[in-house]
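Following: one structure in structure tokens, then a few remarks.
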Amino acid sequence: MNNSLMNTARLLGAGLRALLVLTLVTGVLYPLVVTGIAQGLFNDKANGSEIKSDGKVVGSTLIGQAYNLPLKEGQETPEADLKWFQGRPQNGLGSNSVNTQYKLILSGATNRSADNGAIDGKCTPKSEEGTLCAWVLAAKSAVIKDNSTADHKVKPSDVPADAVTSSGSGLDPDISPQYAGLQAHRVAEKNGLSVEQVQKLVDEHTEGRTLGFIGEPRVNVLELNIALKELVAKS
């Protein structure tokens, strides 16, 4: 009996020592080493890829933001503030995402097929309300209306896919150079700038494919709007 108790005590002691050692190694030392390496070599990414403006953190390069006007009395959905470049669809620019306000608490897509609501393989004005086709057509009409100015009319063929469809997460911070360029006339008019000035901003903030072949050229909307704010202040 005594031997049995001693063996049990010895095994319990060994188990406790192993628990303490593994807790120290995997719960304290390893996280500290990984955190130290991340802070030393990838400080910006380790801290959330923050973007600063006027010395304050205003967002992340990884998460999209909404640029809306304050809610008016009786309004449930804010209108887009058209003096700023707008990101991928949310609210008036196409609500085809479960995440309609870039809310971090909710991320995801509609999981609707590309031909949802299509008639004879095409999206038409007769597409059933609430289908992906109806959402895309509504978003396209909004993009054309919002971005047409007194001296520049947007044609349906000018509207790129990312202007009327949300990303898989609904949090995409980037838009295509084509969509940014489409907005240049409207942004210039709203801010009292020339189209050339605004298009230059777009060109300066256009990133190429990662490693030259991964993904597509893109423009980070938050970074572009910060540059726009600075340009307006100087003007």
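If the condition is being of a type in the set (D, E, K, R) and surrounded by 12 or more Cβ atoms within 10 Å (Cβ to Cβ), then the range 35-89 contributes LYS45, GLU50, GLU79, ASP81, LYS83, ARG88. Restricting LYS52, LYS72 to those that are basic (Lys, Arg), part of a loop (DSSP other than H, G, I, E, B) and either in contact with a Gly (Cβ under 6 Å, 6 or more places away or on another chain) or free of Cβ contacts under 8 Å to residues at least 60 places away in the same chain (or both) reduces the list to LYS72.
Would you check if there is a residue in the range 202-222 being basic (Lys, Arg), assigned to a strand (DSSP E or B) and modelled with pLDDT under 90? No, because not a single residue in the range 202-222 is basic (Lys, Arg), assigned to a strand (DSSP E or B) and modelled with pLDDT under 90. When residues in the range 148-177 are screened for being assigned to a loop (DSSP other than H, G, I, E, B) and among the charged types (D, E, K, R), 4 of them pass.
Among the residues of the range 153-161, are any of a type in the set (A, V, I, L, M), surrounded by fewer than 19 Cβ atoms within 10 Å (Cβ to Cβ) and either under 30 Å from SER49 (Cα atoms) or touching a residue at least 60 places away in the same chain (Cβ under 8 Å) (or both)? The answer is yes; a qualifying residue exists. Listed by first and then second residue, the pairs linking a residue in the range 125-142 that is under 11 Å from ARG112 (Cβ atoms) and assigned by TED's automatic domain parsing to the domain that holds THR165 to a residue that is of a type in the set (A, V, I, L, M, F, W, C) and surrounded by fewer than 20 Cβ atoms within 10 Å (Cβ to Cβ), with Cβ atoms under 7 Å apart and 6 or more places separating them unless they lie on different chains, form an empty list.
The values are calculated or read from the model by the stated rules, or taken from the named source; none is laboratory data. Keep in mind the model is a prediction, meaning the values are calculated, not measured. Note that each Cβ is placed from the backbone with ideal geometry, even for glycine, and that neighbours are counted across all protein chains shown.
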